[in-house]
Every structure is written in structure tokens, then in C-alpha cells.
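Here's the structure, in C-alpha cells; my notes come after.
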Amino acid sequence: MSVWLHIALWAAILFGGAWVFRWAGQQLPNPRPRPYFRDMSYAVAFGFLLAAAALYWTVQLYFVDRVVFFRWAVQGFLFFAAAGWAFRLLGRHVGTPGTRKLFRKMPLTAAFGILVILVYAVVAIFADVLAPFGQEQVFERVNVLPGGNPETGGDPRFLLGTDQIGRDLLSRLIYGAQNTVGIAFVTTCLAFLLGASLGFLAATLGGWLDQLLSRGVDVLMAIPSLIFALLLMTIASAWAGSEKWLLTVYMIVIIAVLDSTRVFRLSRAVGANIVVMDYIEAAKLRGETLTYLIFREILPNAYAPLLAEFGLRFCFVFLTIAALSFLGVGIQPPLADWGTMVRDLSQFINFAGVSPLTAALPLMAAGAIALLTVAVNFVVDWMLYQSSGLKD
Amino acid sequence: MQSVARIIAQRLGLGLVTLFFVSVIIFAAVNMLPGDFAQAILGQGATPEAVEAIRRDLGLDKPPITRYFDWLGGVLQGDFGTSFAAANFRSFTGAETGSGLGSVAAQVAPRFENTLFLAGVTAAIAVPFSLILGVLAALFRNSIFDRAANIGTLTSISSPEFFLAYILILFLAVLNPMLPSLSNIYADMSFGERLERTLLPALTLTLVVTAHMMRMTRAAIINLLASPYIEMARLKGISPLRVIVKHALPNALAPIINVIALNLAYLITGVVVVEVVFVYPGIGQLFVDSVKIRDIPVVQACCLIFAAAYILLNLLADILSILSNPRLRHPK
């Protein structure tokens with residue numbers, strides 16, 4: 001019952017406080033801010049009070065030891081914001097005039113996104129150098145707790161501890177960047193190669209080929225892609241048998257084909273708008289070949305929407321692969337990957353009250369996935385905003 | 001009204017045709033399995049006689065086209081065939097299970113109900129929530145609130161479902177034990193208890209779908225704010241909230257309804273991962289389990305159900321947007 005009393009008390013403070021706040025503003029001796037408070041609607045005053053209360057709760061929660069996660073989240077948020085800001089500042093003063101101008105107009109979210117993507121790329125490429133151990137290396141000490149402190153069951157050699165069969169979790173987290181991001185990138189490229197070339201072909205040639213491909217894509221898109229991917233993975237796992245790496249290859253092909261349907265739709269629509277242009281007519285009259293038409297005339301003009309689509313498609317593919325791995329049918333062990341790590345470590349979350357760092361392990365792997373997709377989305381959002389010329 | 005009825009009939013027909021092709025694709029995909037079902041059921045060490053018996057039992061000795069129409073005919077009558085796990089059990093015991101436990105339909109039906117319950121709870125929370133948030137974002141556009149809502153929704157839309165799910169578990173189940181982190185639901189549970197167990201997965205799904213709906217509501221309303229009749233309402237001296245709720249919102253309803261229906265369709269895929277995280281006994285959980293043990297008839301049935309629901313909701317979005325926007329009834 002005291003909880004309800006608490007809530008009622010806060011509501012009374014907020015609702016009453018908003019009115020008092022506005023009234024106090026109207027009584028200010030200085031005439032300058034008075035019109036602002038006079039015209040203020042009650043909702044705005046309430047919003048100010050709510051924001052103040054939210055700030056107060058945040059600060060209060062920040063100093064509660066039991067929810068150390070919240071402190072980490074706030075610290076992480078502030079750190080990333082500062083890093084994005086510093087990166088934008090760097091970009092404004094270093095580089096060619098072109099990039100400097102680009103950075104000058106860039107919002108903070110986009111700068112943050114580009115920074116995160118760069119960091120992921122570096123970690124993925126240099127995983128072999130950065131990781132302290134190999135991803136398949138098994139040590140005799142299993143279930144070492146994270147933290148590196150021997151008194152609390154840690155080991156200074158394994159900063160994040162080891163898993164059930166004794167593999168170093170930090171190394172696996174770093175290799176996860178290589179495997180998960182790398183495989184998602186390859187899949188997206190494959191999907192684009194397939195979808196864009198077929199889409200442009202359908203747009204240029206038209207006729208029965210266009211009809212056939214479009215109707216085929218319609219039917220494929222009528223099945224939710226994660227569901228269809230799971231169905232096909234069942235069959236692929238029967239074909240692959242005990243050869244685990246083959247299953248990963250099948251997964252790449254399956255997801256690439258399923259995702260190429262979306263790329264096909266977009267590139268066909270974009271291509272169809274370009275094909276009717278006069279310069280295409282001129283090129284056709286010159287007697288240029290089909291490959292020239294597609295790669296030298298259509299592709300350069302469809303560049304901007306396709307690039308934005310590439311970012312979004314990458315997010316979808318990345319999330320699909322993570323979901324499949326999380327469900328246990330995606331990237332197969334011994335390859336380290338974030339989705340599988342989340343599933344394997346998920347039980348640790350119940351130790352949050354005892355050992356917060358242990359409980360944070362599954363969240364780290366899941367957060368690594370989330371951070372990259374958020375970053376890519378921020379960048380795509382900014383790119384779309386720029387290319388569309390939207391101002392409000 | 002004549003034309004509306006005709007358009008709806010046309011769309012329904014198109015949906016049925018799509019569903020037919022989808023069933024063909026699912027059947028064809030399943031038939032690409034190496035070997036055949038009988039081998040898959042019994043495993044490596046099966047005697048040829050046993051394989052032959054099962055093959056006859058399941059009708060595998062007939063040609064694929066006959067089998068497809070047998071399967072389709074069964075599905076139309078609510079009979080999705082026999083689960084492998086059950087068929088395997090029967091082949092060992094030799095007993096004819098008359099209880100109907102082995103049929104796929106008996107496995108799927110109660111779980112389908114649970115999933116509908118989850119989706120219903122989610123929709124009941126998410127739709128009003130995102131509408132209110134969207135209207136507020138449009139009302140206070142370009143303010144700090146709008147930016148914060150924009151960044152927040154973009155973050156939640158691009159995080160994987162399991163990340164959101166575990167964060168909710170961490171804060172609402174482990175650190176502050178308010179809700180149960182496992183949603184084991186039984187048939188004879190009271191409604192309140194059932195709701196309590198469903199709340200955490202429903203909240204996760206709400207976070208996933210709210211973003212899209214809220215952004216669409218905001219965009220659809222802001223699109224209209226430049227129109228002359230809104231200008232007129234503003235000049236009359238109506239309050240900004242009233243302008244948006246009474247004048248802009250009804251005209252923005254078509255795209256909003258469309259996006260709500262599409263997001264409910266999206267729920268269908270999101271439900272799979274979320275059900276696995278919370279061990280919710282829904283159809284998504286059954287689907288993933290069957291994928292792992294390769295129980296093909298169940299996988300086939302679940303896939304068909306998911307696809308049918310997806311097509312139906314898309315169809316609904318289509319029809320509702322035609323009904324709410326008369327301009328779409330007369331394509332140029």
C-alpha cells in the first residue's frame with residue numbers, strides 16, 4: 001500500500017508543482033520573462049517539472065549501490081557522447097576541406113555512429129592481435145568469475161573469466177566481432193549482388209522476366225523472413241550433417257537469398273525511374289551493351305538510395321543472424337559469436353544481486369550487437385536526412 | 001459501396017492465391033530433405049521393414065503431387081498430420097494411440113491460443129502508448145522531448161529483442177523482484193495470474209513495436225500541419241492539442257492504421273525470440289523446439305500458420321487503409 005501512497009505523493013507534487021511553477025514565474029519582479037510564463041500552457045509547465053523530477057531520480061539512482069548497472073549505463077552513455085563529440089571536433093579540424101565541411105554539419109548522433117562503426121571495423125580486422133588468447137583455446141580452469149581478482153574467484157589472466165569448458169570470454173567477445181560482423185557483412189554483400197543485379201535487369205529488360213521475378217519475390221516476401229529462415233535452416237542442418245562449418249555457409253546463402261528480395265524491390269523501383277531518362281535512350285541508340293547500361297549508366301545514378309539501403313539491410317541481416325544464433329541454429333561452435341554467447345551466458349543474469357559483473361556478461365555480448373545496429377541506424381538516418389533535403 | 005466490396009473481394013482473392021503459393025513453397029522446401037521422413041524418424045539403425053511400415057503409414061510411397069494435395073486437404077480440415085516425435089513413439093510401442101495426442105493440431109492449438117493472448121496483451125499496451133507518445137512528439141516537435149523520444153525509439157527499434165528482454169529481466173525481475181522472469185503458463189490459471197506472467201514478454205514486445213508506430217504517428221501528423229485547414233484552425237485560436245487531436249489526427253489515421261497492422265504482423269516474428277527468452281509456451285517456442293529436433297510436420301504447420309497470420313494482417317492493413325482513405329479507391 002505504501003507504494004501506491006508513494007506514487008500518489010509524487011503525482012501530487014508534480015501536478016501541483018507545475019501549477020505553482022508557472023504561477024511563480026508570472027509573479028517575477030523582472031518584466032522580461034513574464035510573457036513567457038503567461039503564455040505557457042499547463043502541459044509545458046508539467047513537462048518542465050517532470051524533466052526536473054527525472055533528473056533528480058537519475059542522480060539518486062546513480063548513487064544506489066544495488067543498481068550498479070544503472071551507474072554503468074549512465075557512465076557509458078556519457079563516455080560515448082563525449083567520444084562522439086571529440087571525434088566530431090577532430091573531424092572538423094583534420095582532413096581535406098570536403099570532409100571538414102561534412103563534419104561541420106554533422107549531428108552528434110551521426111558522429112557517434114561513424115566512430116562506433118570504425119572501432120568495430122578495427123576490432124574485427126585485428127582480432128588476432130587484440131585478443132589475448134585464441135577463440136578455441138581451452139584452459140583447465142573453468143567458470144572463472146570476471147574481475148581478475150583471485151579473492152572473488154577471478155584470475156588476472158582472464159579479465160572477463162572463462163566459460164563452462166574453460167575458454168577465455170574476453171577473447172571470444174573480441175573474436176565475436178570478427179565472426180558475427182564479418183559473416184553479416186559477407187551476407188549483406190551477397191544479398192546486394194544478387195538483389196541489385198536482378199532488380200536492375202528486371203527494370204531494364206521488363207517483359208516476362210520482370211513479371212516472373214517480381215511475382216516470385218512477392219511470394220517469398222509473404223513469409224516472415226525469420227520464420228522462413230528457420231524452416232530452411234532445419235533442412236540445411238539435415239544436409240550439413242555433422243559438418244558444422246557447412247551449416248554456417250548454408251546460413252549465409254539462405255539469409256542472402258531471403259534478404260535479396262528486399263534489395264530487388266528497391267533496385268527495381270529505383271532502376272525503373274532511371275530507365276525512362278533520355279540519357280538511357282541515348283545510350284541504347286548508341287548500341288551500348290546491357291552490362292554497360294546497368295553498370296555505367298544506372299548504377300552510378302542509383303548510388304545514394306542503395307547505400308542507405310545497404311546500411312539498413314546490414315542491420316537486418318546482423319539481427320537475423322544474431323537471432324538465429326541465439327536460437328541455436330545460426331553460427332555454429334567452435335566459432336565464437338555474440339548471439340550464441342548471449343544464450344550460453346544468459347543464466348548468469350540471475351546473479352545480478354550477488355556479482356554484478358558476472359550478470360553483465362550476457363548483456364555485454366547482447367549490448368555489442370545493439371550498439372553496432374544503433375550506430376549504423378544513426379548514420380543511415382543522417383544520410384537519408386541529407387539526401388532527401390528534409391528540413392522539418 | 002459497390003466498388004469497395006469489389007476491391008475487398010479482389011484483395012481477399014489475391015491473399016488466398018498468395019497463401020496457396022506459400023503452401024507450395026513450404027511443401028517443396030520440406031521435400032528437399034535428404035532421404036525421406038521415414039529414415040529421419042527412425043535414424044540410422046532402422047531395419048528396412050520398419051522404414052517401409054512407417055513410409056506406408058505416412059503415405060510417403062505416393063508421388064509428391066498427390067501428397068501435397070493430401071496434406072493441403074488435411075490442413076483445410078484442421079488436420080496437420082502426425083508429429084514425428086509421436087510417430088516414433090508409436091513405432092516403438094506398436095500401439096495405435098487413439099488419444100489424438102500425436103497429431104500436430106493437438107500440439108499447436110493450445111499454444112496458438114497462448115501466443116494470441118501474448119499478442120493481444122502487447123497490442124493493448126503498445127497501441128495506445130505509441131499513439132499518445134506520437135501525438136505528444138508532434139505537439140512538442142523539435143523540443144528536447146521530441147529529440148529524446150526520437151533517439152530512444154531509434155535505439156529500441158535497432159536493438160535485438162533478446163537484449164531488451166534481458167535488460168527488462170535484470171531490472172524488473174532480478175534486482176527488483178516485481179514480475180516473474182519465467183512465464184510458464186498452465187491451462188487452469190486464473191486470468192490475473194496469467195496476465196502477470198505474460199506482462200514481461202509483452203513489455204519487451206511493446207518496446208520493439210512502439211518505436212515504428214510512434215514515429216509514423218508523428219510523421220503523419222506533421223505532414224498535415226502545413227495544410228490550409230490546420231492554418232485555419234490555428235487562426236481561430238484553438239489550442240495546439242485540440243488542433244492535433246481533433247483536426248490533424250482523423251486525417252492522419254490511414255497511414256497510422258496501416259503501420260499498426262504491419263507492426264502487429266511484425267510481432268509474429270518477434271514473438272519467436274521473446275517466447276524462447278521467457279520460456280513462454282507459445283507457438284514460437286514450439287516452432288524453435290521442433291526445428292532443433294527436426295520434427296518436420298510441426299515445423300511445416302507452424303510455418304504455414306505464421307505465414308497465414310502475416311498475410312492476413314497485411315491484407316487487413318491494405319483493406320483498412322483503402323476504407324479510411326477514399327482516394328485510394330480510384331486508382332489512376
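Taking the condition in a helix (DSSP H, G or I) and either loosely packed, with under 14 Cβ neighbours inside 10 Å or within 14 Å of chain B (Cβ to nearest Cβ) (or both), does A:ILE321 pass?
On the way: in a helix (DSSP H, G or I): yes; either loosely packed, with under 14 Cβ neighbours inside 10 Å or within 14 Å of chain B (Cβ to nearest Cβ) (or both): yes.
Taking the combined requirement at face value, the residue satisfies it.
Just give me the residues in segment B:158-180 being of a type in the set (A, V, I, L, M, F, W, C), closer than 21 Å to A:ASN377 by Cα and at pLDDT below 85, in sequence order.
none
Report the residue count in segment B:237-281 for those that are within 13 Å of chain A (Cβ to nearest Cβ), closer than 30 Å to A:PHE228 by Cβ and not in a helix (DSSP H, G or I).
So the count comes out to 1.
Somewhere in segment B:132-155, is a residue of a type in the set (S, T, N, Q) and either under 20 Å from the mean Cα position of the chain (by Cα) or closer than 20 Å to B:THR115 by Cβ (or both)?
There is no residue in segment B:132-155 that is of a type in the set (S, T, N, Q) and either under 20 Å from the mean Cα position of the chain (by Cα) or closer than 20 Å to B:THR115 by Cβ (or both).
Just for segment B:282-298: of the residues that are farther than 16 Å from A:GLY330 by Cα and either outside any helix (DSSP H, G or I) or away from chain A (no Cβ under 11 Å) (or both), which one is nearest to the chain's Cα centre (by Cα)?
Keep residues of segment B:282-298 that are farther than 16 Å from A:GLY330 by Cα, which gives B:282-286, B:295-298.
Then drop every residue that is not either outside any helix (DSSP H, G or I) or away from chain A (no Cβ under 11 Å) (or both), which leaves B:282, B:286, B:295, B:297.
On the way: B:GLY282: 11, B:LEU286: 14, B:ASP295: 21, B:PRO297: 20 Å.
Selected residue: B:GLY282.
Could you tell me whether A:ALA124 is in contact (Cβ under 8 Å) with a residue 12 or more places away in the chain and not assigned by TED's automatic domain parsing to the domain that holds A:MET341?
Details: in contact (Cβ under 8 Å) with a residue 12 or more places away in the chain: yes; not assigned by TED's automatic domain parsing to the domain that holds A:MET341: yes.
The answer is yes for A:ALA124.
Starting from segment A:276-305, keep only residues that are part of a loop (DSSP other than H, G, I, E, B), then list their pairs with residues that are surrounded by 14 or more Cβ atoms within 10 Å (Cβ to Cβ) whose Cβ atoms are within a distance under 6 Å, requiring at least 6 positions of separation or different chains.
Sorted first by the residue in segment A:276-305, then by its partner, the pairs are A:ALA302/A:VAL270.
Name the one entry in A:VAL59, A:VAL44 that is at pLDDT 85 or above and either among the β-branched types (Val, Ile, Thr) or over 30 Å from A:SER355 (Cβ atoms) (or both).
A:VAL59
In segment B:287-329, which residues are without any contact (Cβ under 8 Å) to a residue 60 or more places away in the chain and basic (Lys, Arg)?
Within segment B:287-329, B:LYS292, B:ARG327 meet the criteria.
So how many residues does segment A:235-255 have that are outside any helix (DSSP H, G or I) and within 10 Å of chain B (Cβ to nearest Cβ)?
First, the residues of segment A:235-255 that are outside any helix (DSSP H, G or I): A:241-243.
When the remaining residues are screened for being within 10 Å of chain B (Cβ to nearest Cβ), the result is A:241.
Summing the residues that are outside any helix (DSSP H, G or I) and within 10 Å of chain B (Cβ to nearest Cβ) in segment A:235-255 gives 1.
Residue-wise test of (1) within 12 Å of chain B (Cβ to nearest Cβ); (2) within 13 Å of the chain's Cα centre (by Cα); (3) crowded, with 19+ Cβ neighbours inside 10 Å; (4) on the phi < 0 side of the Ramachandran plot.
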position: A:GLU309; (1), (2), (3), (4): no, no, yes, yes
position: A:PHE326; (1), (2), (3), (4): yes, no, yes, yes
position: A:VAL329; (1), (2), (3), (4): yes, no, yes, yes
position: A:PRO333; (1), (2), (3), (4): no, no, no, yes
position: A:SER346; (1), (2), (3), (4): yes, no, yes, yes
position: A:ALA352; (1), (2), (3), (4): yes, no, yes, yes
position: A:GLY367; (1), (2), (3), (4): yes, yes, yes, yes
position: A:VAL374; (1), (2), (3), (4): yes, yes, yes, yes
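Would you call A:LYS284 surrounded by 13 or more Cβ atoms within 10 Å (Cβ to Cβ), at pLDDT below 85 and charged (D, E, K, R)? Working first, answer last.
Details: surrounded by 13 or more Cβ atoms within 10 Å (Cβ to Cβ): yes; at pLDDT below 85: no; charged (D, E, K, R): yes.
In short, no.
For segment A:128-144, name all the residues that are of a type in the set (A, V, I, L, M, F, W, C) and buried (at least 21 other Cβ atoms within 10 Å of the Cβ).
Matches in segment A:128-144: A:ALA131, A:VAL144.
State all residues of segment B:168-185 that are more than 7 Å from chain A (Cβ to nearest Cβ) and either assigned to a helix (DSSP H, G or I) or over 15 Å from B:GLU275 (Cα atoms) (or both); if no residue qualifies, say none. So that I can check it myself, show each step before the final result.
Filtering segment B:168-185 down to residues more than 7 Å from chain A (Cβ to nearest Cβ) leaves B:168, B:171-173, B:176-185.
Residues satisfying the conditions are B:LEU168, B:PHE171, B:LEU172, B:ALA173, B:ASN176, B:PRO177, B:MET178, B:LEU179.
Identify all residues within segment B:135-164 that are at the interface with chain A (Cβ under 9 Å from one of its Cβ atoms) and buried (at least 20 other Cβ atoms within 10 Å of the Cβ); write none if there are none.
Matches in segment B:135-164: B:LEU136, B:LEU139, B:SER158, B:SER159, B:PRO160, B:GLU161, B:PHE162, B:PHE163, B:LEU164.
Among the residues that make up segment A:74-83, is at least one of them under 23 Å from B:PHE145 (Cβ atoms) and in contact (Cβ under 8 Å) with a residue 24 or more places away in the chain?
Yes, segment A:74-83 has at least one match.
Are any residues in segment A:44-54 without any contact (Cβ under 8 Å) to a residue 40 or more places away in the chain, touching a helix residue (DSSP H, G or I) at 6+ places or on another chain (Cβ under 7 Å) and either facing chain B (nearest Cβ under 10 Å) or of a type in the set (A, V, I, L, M) (or both), and if so, which ones?
Residues of segment A:44-54 without any contact (Cβ under 8 Å) to a residue 40 or more places away in the chain: A:44-52, A:54.
With the extra rule that they be touching a helix residue (DSSP H, G or I) at 6+ places or on another chain (Cβ under 7 Å), the set shrinks to A:45-50.
Within segment A:44-54, A:ALA45, A:GLY47, A:LEU49, A:LEU50 qualify.
Spot the failing condition for A:LEU115; the list is (1) surrounded by fewer than 16 Cβ atoms within 10 Å (Cβ to Cβ); (2) at pLDDT 85 or above, and only one is missed.
Among (1) surrounded by fewer than 16 Cβ atoms within 10 Å (Cβ to Cβ); (2) at pLDDT 85 or above, A:LEU115 violates only (1).
Out of all the residues in segment A:338-346, is one or more in contact (Cβ under 8 Å) with a residue 12 or more places away in the chain and over 30 Å from B:VAL279 (Cβ atoms)?
First pass over segment A:338-346, keeping only residues in contact (Cβ under 8 Å) with a residue 12 or more places away in the chain: A:338-346.
Now restrict to residues that are over 30 Å from B:VAL279 (Cβ atoms): none.
No, segment A:338-346 contains no residue that is in contact (Cβ under 8 Å) with a residue 12 or more places away in the chain and over 30 Å from B:VAL279 (Cβ atoms).
Have a look at A:ALA124, A:ALA110 and point out the one that is of a type in the set (A, V, I, L, M), part of a helix (DSSP H, G or I) and within 29 Å of A:ARG265 (Cα to Cα).
Of the residues listed, the single one that is of a type in the set (A, V, I, L, M), part of a helix (DSSP H, G or I) and within 29 Å of A:ARG265 (Cα to Cα) is A:ALA110.
Please list, ordered by residue number, the helices (runs of 4 or more DSSP H) wholly in segment A:1-86 having 2 or more residues that are under 30 Å from A:MET106 (Cβ atoms). Walk me through it before giving the result.
Details: elements: A:2-26, A:34-38, A:42-62.
Correct list: A:42-62.
Please specify each residue of segment A:203-233 satisfying the condition of being surrounded by fewer than 21 Cβ atoms within 10 Å (Cβ to Cβ), at the interface with chain B (Cβ under 10 Å from one of its Cβ atoms) and not in a helix (DSSP H, G or I).
Selection gives A:ALA222 alone.
Of all the residues that make up segment A:4-26, how many are over 17 Å from A:GLY47 (Cβ atoms) and over 41 Å from the mean Cα position of the chain (by Cα)?
So the answer is 1.
The values are calculated or read from the model by the stated rules, or taken from the named source; none is laboratory data. Computed from a predicted structure; not experimentally measured. Methodologically, a virtual Cβ is constructed for each residue, glycine included, from the backbone with ideal geometry; neighbour enumeration extends over all protein chains shown.
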